[in-house]
Amino acid sequence: MKNLSRPCPVCEGERGDVLHHQRFAVTDDYPLPDEYDVVICASCGMVFADTPATQADYDRFYATCSIYEQPAGAQTGATPPEDFARLEQSGALFASQIPSKQARILDVGCANGGLLQVLRRLGFENLVGVDPSPACVENTRQGGCQAYRGDLAHLPAEIGRFDSVILTSVLEHVLDVKSAIGALVSVCSANGRIFLEVPDAAGYADYLHAPFQDINTEHINHFNITSLRNLMAQFEFTPVLEKRVLVTGFSGLLFPGLETGYERRSGAVQQPWVIDGAFREQMQRYINESRVMMQGIDQQLRSVLASSAEVIVWGTGQLTMKLLCDTALKDAKVAAFVDGNPVNVGKKLRGVPIIRPEQLENRRAPIIVATLLHTQGIRERVTSLGLTNPMVTLHAK
């Protein structure tokens with residue numbers, strides 16, 4: 001048991017048990033910490049990153065290290081098919097719990113308005129989006145919905161109140177969770193509903209595609225159904241929808257999610273914290289199986305590095321950030337890091353520049369494909385560039 005540097009995001013408890021310590025090799029000027037403990041709250045059983053980061057750190061990260069400003073609409077080809085599938089799934093489920101087609105609906109963090117467009121096709125008309133990105137706001141407007149620039153900490157005063165408020169793929173990233181929910185409550189009508197979509201931490205181990213894939217610099221809250229109930233009860237909201245779903249992601253892989261809805265019932269009495277006794281075991285299984293997977297990758301890398309004076313590492317995402325700390329790759333001579341994400345190109349990782357695929361000139365060193373989620377896409381890219389370097393993937397032999 002330890003005293004926490006970050007209070008529990010659900011109950012504000014200050015003590016918890018450490019389940020795992022995660023380290024990351026980060027690029028120069030990376031705004032977020034390069035290590036933290038994953039803890040379980042002693043008071044309510046919530047699992048979260050006990051990170052020393054501040055909100056200003058996260059604000060800077062999302063302003064400089066993440067890209068979401070892509071044109072909306074299938075005709076542009078900018079939104080991946082798996083995102084459309086997820087939005088269709090969420091939109092249909094939330095729509096089934098909204099009593100009236102005339103309901104005013106707000107999507108906070110609407111990105112390019114994809115979910116609002118789904119709801120519009122389902123017959124809802126009073127649709128509003130809020131997003132911090134001016135480009136996303138414009139894309140949402142072009143899609144036929146009202147949109148305003150803002151975020152959870154700065155909701156525009158002119159938007160008014162809503163019968164239903166939606167927050168998807170956001171709450172797992174938020175440092176101050178209770179303030180975020182408070183912002184949603186502030187624009188929710190007297191008997192309104194709040195809908196949340198988050199990853200389902202109780203299902204992590206059942207859909208493990210890469211070691212510690214859900215423990216990263218961005219996802220700092222790990223919810224299950226019980227922790228969301230505990231959270232929403234403090235605001236006098238009770239469940240009307242609690243559904244565990246599977247979301248189709250990269251390369252057709254499945255990821256566990258929660259689609260939940262809560263109705264405001266003023267005067268509801270908050271019960272003592274409910275602790276899901278199985279949750280610790282579920283998280284510990286996920287962590288243990290991730291460690292075994294990481295050990296297998298380490299053995300593969302040791303075999304490659306034993307016969308190679310230097311290597312090229314293709315990919316600088318979350319898995320690479322862990323491999324550089326927890327496997328033999330930390331001691332390897334890396335000739336270059338390659339990444340197709342323009343956010344990372346030009347930075348340095350462990351003192352080595354990150355370059356675009358087109359800039360790769362070394363035609364001899366083995367290419368380590370440092371991902372388990374995008375392997376096929378990288379294979380195709382290597383082929384299209386005419387590269388003849390030996391390729392090493394991390395998939396189990």
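The values are calculated or read from the model by the stated rules, or taken from the named source; none is laboratory data. Predicted model, so just to flag it, every value in this text is computed and none were measured. Please note: Cβ atoms are built from the backbone with ideal geometry, for glycine as well, and neighbour counts cover all protein chains shown.
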When the residues of the stretch 269-303 are narrowed to those that are within 24 Å of residue 206 (Cβ to Cβ) and among the hydroxyl-bearing types (Ser, Thr, Tyr), which ends up surrounded by the fewest Cβ atoms within 10 Å (Cβ to Cβ)? 290
Within the stretch 114-154, of all residues that are in contact with a Ser or Thr (Cβ under 7 Å, 6 or more places away or on another chain) and over 26 Å from residue 55 (Cβ atoms), the one surrounded by the fewest Cβ atoms within 10 Å (Cβ to Cβ) is 114
Residue hits (the stretch 107-132; in a strand (DSSP E or B), at pLDDT 95 or above and more than 17 Å from residue 259 (Cβ to Cβ)) are 127, 128, 129, 130
Taking the stated definitions as given, is residue 373 modelled with pLDDT of 95 or more and under 30 Å from residue 60 (Cβ atoms)? no
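Is it the case that some residue within the stretch 326-340 is more than 22 Å from residue 309 (Cα to Cα), in contact (Cβ under 8 Å) with a residue 24 or more places away in the chain and either in contact with a Leu (Cβ under 9 Å, 6 or more places away or on another chain) or in a helix (DSSP H, G or I) (or both)? Steps first, answer last, please.
To start, the set of residues in the stretch 326-340 that are more than 22 Å from residue 309 (Cα to Cα) comprises 340.
Imposing the further condition that a residue be in contact (Cβ under 8 Å) with a residue 24 or more places away in the chain reduces the set to 340.
Then drop every residue that is not either in contact with a Leu (Cβ under 9 Å, 6 or more places away or on another chain) or in a helix (DSSP H, G or I) (or both), which leaves none.
No; the residues of the stretch 326-340 include none that is more than 22 Å from residue 309 (Cα to Cα), in contact (Cβ under 8 Å) with a residue 24 or more places away in the chain and either in contact with a Leu (Cβ under 9 Å, 6 or more places away or on another chain) or in a helix (DSSP H, G or I) (or both).
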Can you tell me how many residues within the stretch 351-361 are surrounded by 15 or more Cβ atoms within 10 Å (Cβ to Cβ) and either closer than 13 Å to residue 381 by Cα or modelled with pLDDT under 95 (or both)? 2
Could you list, in sequence order, the residues of the stretch 174-226 that are part of a strand (DSSP E or B), more than 15 Å from the chain's Cα centre (by Cα) and not aliphatic (A, V, I, L, M)? 188, 189, 191, 192, 193, 195
Take the residues in the stretch 242-285 that are in contact with a strand residue (DSSP E or B) (Cβ under 9 Å, 6 or more places away or on another chain) and of a type in the set (Ser, Thr, Tyr), then tell me which one is modelled with the lowest pLDDT. 266
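Let me confirm something: among 135, 92, which residue is assigned to a helix (DSSP H, G or I), touching a Pro at 6+ places or on another chain (Cβ under 9 Å) and not β-branched (Val, Ile, Thr)? Step through it out loud before you land on a result.
Details: 92 fails: touching a Pro at 6+ places or on another chain (Cβ under 9 Å).
Going through 135, 92 in turn, the sole match is 135.
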